[in-house]
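**Q** Take a look at this one; I'll ask things after.
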Amino acid sequence: MRCPFCSSEDTQVKDSRQAEDNTAVRRRRLCGKCAGRFTTFERVQLRELTVVKKSGRRTPFDRDKLARSIMIAMQKRPVEPERIEQMISGVVRQLESAGNSDITSDHIGALVMEGLAGLDKVAYVRYASVYKDFRATADFETFIEEEKLDSEESEEE
């Protein structure tokens, strides 16, 4: 593993432990050249995923980008980081096991919305405001009213 500080390849693993609900290995490393310490994560990757954007542009799937967007929606919300990480891992597992290497950004957004709906309603609405491209406060009102109707209908069933 190359050191992020001096680019030396002389690094040693000092500590390894399970992370992210046993879906990753966290390794603490030490650079032999500059003595810099850094952390790496090792995860199983079932297949290379490609995101197909609304414009048709194709980019490699980036788990960290997904996590950042979810963390923005979750800012200052009373949800344990472990539950957030479990949700992110669940979304990634669903994407990897879907059987298709090409996934649309809409599909990713829908899975995240589903996960956030069960985790935190405020984060769910925050994420929806970006995912559904809200332009005015009326968009928030409409979305919340539709959600109320959907939840009332599902309670009646």
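Computed from the coordinates by the stated procedures, all read-outs in this text should not be read as laboratory data. A quick note: this is a predicted structure, and the numbers were derived from the prediction, not measured. Cβ sites come from the backbone with ideal geometry, for glycine too, and all protein chains shown count toward neighbours.
**Q** List, largest first, the extents of the alpha carbons of region 1-44 along their principal axes, each in whole Å.
**A** Answer, in whole Å and largest first: 33, 16, 12 Å.
**Q** Normalised by the number of residues in region 14-88, what is the relative contact order in percent for Cα pairs under 8 Å and 6+ residues apart?
**A** Dividing the mean separation by the residue count of region 14-88 yields 22 percent.
**Q** Moving on. What is the percent of Cα-Cα separations in the chain that go past 22 Å?
**A** For the chain, the share of Cα pairs beyond 22 Å comes to 56 percent.
**Q** Could the peptides 120-127, 2-9 be put in order, highest first, of the mean number of other beta-carbon atoms found within 10 Å of their residues? Write out the running numbers ahead of the final one.
**A** Values: 120-127: 18.6, 2-9: 12.9.
So the peptides 120-127, 2-9, ranked by packing, come out 120-127, 2-9.
**Q** Per 0.36 nm of contour for each residue apart, how much would the distance between I144 and V13 grow if the chain were fully extended, relative to their Cα-Cα spacing?
**A** Details: separation 131, 0.36 × 131 = 47.16 nm, distance 4.89 nm.
Gain on extension, I144 to V13, equals 42.3 nm.
**Q** Please compute the contact order of the chain in relative form: average sequence separation of alpha-carbon pairs under 8 Å and at least six residues apart, divided by the residue count, as a percent. Can you show the working numbers first?
**A** Details: 173 pairs, mean separation 25.4, N = 157.
It rounds to 16 percent for the chain.
**Q** Further question on the same structure: Can you tell me the order of 99-107, 52-60 when each peptide is scored by its average per-residue count of other Cβ atoms within 10 angstrom, highest first? If you can, show how the numbers build up before the last one.
**A** Working: 99-107: 12.8, 52-60: 9.8.
So the order, starting with the most tightly packed, is 99-107, 52-60.
**Q** Same structure again: How would you rank M113, M87, going from fewest to most other Cβ atoms within 10 Å of each one's own Cβ?
**A** M113, M87
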